[in-house]
Amino acid sequence: MISQHDCSARDLDDALAPLRRQFDLPSGVIYLDGNSLGARPSAALARAQYVIAAEWGTDLIRSWNTAGWFDMPKRLGDRLAPLIGAEAGEVVITDTTSINLFKALAAALQMQAGDAQRAERRVIVSERSNFPTDLYMAQGLAAWLDRGYSLRLVDDPAELATAIDADCAVAMLTHVNYRTGYQHDMATVSGHCHAQGALALWDLAHSAGAVPLDLNADGADLAVGCTYKYLNGGPGAPAFIWVPARHQARFRQPLSGWWGHAAPFAMEPGFAPADGIGRALCGTQPIVSLALVECGLDIFAQTTMEAIRRKSLALTDLFISLVEQRCASHPLGLVTPREHARRGSQVSFTHPHGYSVMQALIARGVIGDYREPAIMRFGFTPLYTSFTDVWDAVEILRDILDTQAYDIAAKRDTVT
Ligand SMILES: *Cc1c(COP(=O)(O)O)cnc(C)c1O
């Protein structure tokens, strides 16, 4: 049996523990929702004040050059690159994940259409359990193109081997599933895509900053992801898009705004794409929000994704073990894979009253979230979550289940 003392001993032994002091978390809260909105790096407040007061307020329009505003999507993309196995010049931080997915999917379809061997392919493979915006964006693009593209959705990752076939243009997959925490084997799936002549487009929303990634080595073709989840960039912070050097010359995306132009300040009437990753940009970026992304990246620069992964697996293993030991009499069902290689940095349990139990947890300061159907989702962020947090969260969960305190929460829900 694991004891509270075991957990505090692991905190004393944890090399990442001091990084928690670089985040501002309210007291009395155990935050297990960094997979949805990362916590605030302490430095973000002063950084926002500086950008607003000094760069905007005093330097005004000169800041596009003097404060490096114009170069920020690329400069911060270069800082993110090592966390995802990309090279400098392959990533920009810009726009939203939904918009970047649209650009990447459109570019991937066009790359295939421009290849005589593959031009007839009309199938986009994805998963029915993918995050809805990914499916919606693909549906919107396919309908708008009106060239017979359709989505082929699988219900189980094992079906990908047959679904990605000679008709498939692109497999558009989310590397770690937002609901279950299931992690694909990127190298194997990308390799299968290539064997079938398809491209592999990966959404890293629940992977970047959560699990080690090696996009180039694993044969990914294109990728997008969020900065406001595990990367702690702030609410609505701009997302990222990765286009590897080997695909950049053929990468053409339809949102051909002036920031993606080869010579944006030449003000020419005709569009000519920039060389390199700049062609993935569209227009003017939300500078205040973009600047805050760096505060999260500054913290990642003090450790490695390998160290983060080790602690992430230790935290999720501990949570699973404690829930199974201490809440054994309750009808909780583990949804997340036990196998480390198939697990992201979250743990999901079903419970028949999952929604009400989660409301009761939040009322007692344990912030996770709920996703249909009946799934309670707990995200584990090694930069600021301790082993004692895991112990305390499970004790509160056990108390709520033992006392059926969630019934009270459920009644309150119907009133508000
Ligand atoms: C969180 C998430 C998104 C969010 O997209 P936005 O454009 O930022 O709203 C997209 N895809 C996946 C898989 C996600 O988990």
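Observations on the structure shown:
- Extreme residue, most open to solvent (accessible area, probe 1.4 Å), among residues of the stretch 209-247 that are outside any loop (DSSP other than H, G, I, E, B) and closer than 18 Å to ARG75 by Cβ: ALA245
- Test: residue in the stretch 138-149 that is on the phi < 0 side of the Ramachandran plot and either within 12 Å of the ligand (Cβ to nearest atom) or in contact with a His (Cβ under 6 Å, 6 or more places away or on another chain) (or both): yes
- Identity of the residue in the stretch 21-51, open to solvent by less than 80 Å² (accessible area, probe 1.4 Å) and farther than 30 Å from GLU395 by Cα, that ends up nearest to the chain's Cα centre (by Cα): ALA44
- Residue within the stretch 111-124 that is within 16 Å of the ligand (Cβ to nearest atom) and either assigned to a helix (DSSP H, G or I) or open to solvent by 40 Å² or more (accessible area, probe 1.4 Å) (or both) present: no
- Selected residue (criterion: nearest to the ligand (Cβ to nearest atom)) from residues of the stretch 84-96 that are open to solvent by 20 Å² or more (accessible area, probe 1.4 Å) and within 16 Å of the chain's Cα centre (by Cα): THR96
- Some residue of the stretch 12-27 being basic (Lys, Arg) and under 23 Å from GLY283 (Cα atoms): no
- Subset tally (residues that are open to solvent by 10 Å² or more (accessible area, probe 1.4 Å) and within 16 Å of the ligand (Cβ to nearest atom)) for the stretch 192-202: 0
- Which numbered condition LEU153 fails, given (1) more than 16 Å from the ligand (Cβ to nearest atom); (2) in contact (Cβ under 8 Å) with a residue 24 or more places away in the chain: (1)
- Number of positions in the stretch 203-252 that are away from the ligand (no atom under 12 Å from the Cβ), among the small types (Gly, Ala, Ser) and in contact (Cβ under 8 Å) with a residue 60 or more places away in the chain: 4
- Test result for ARG326, farther than 25 Å from LEU213 by Cβ and touching a Lys or Arg at 6+ places or on another chain (Cβ under 9 Å): yes
The values are calculated or read from the model by the stated rules, or taken from the named source; none is laboratory data. None of these values were measured; they are calculated from a predicted model. FYI the Cβ positions are ideal-geometry reconstructions off the backbone, even for glycines, and counts take in every protein chain you see. Only protein heavy atoms, including side chains, enter the accessible area calculation; ligands, DNA and RNA are left aside. Shrake-Rupley method; radii C 1.70, N 1.55, O 1.52, S 1.80 Å.
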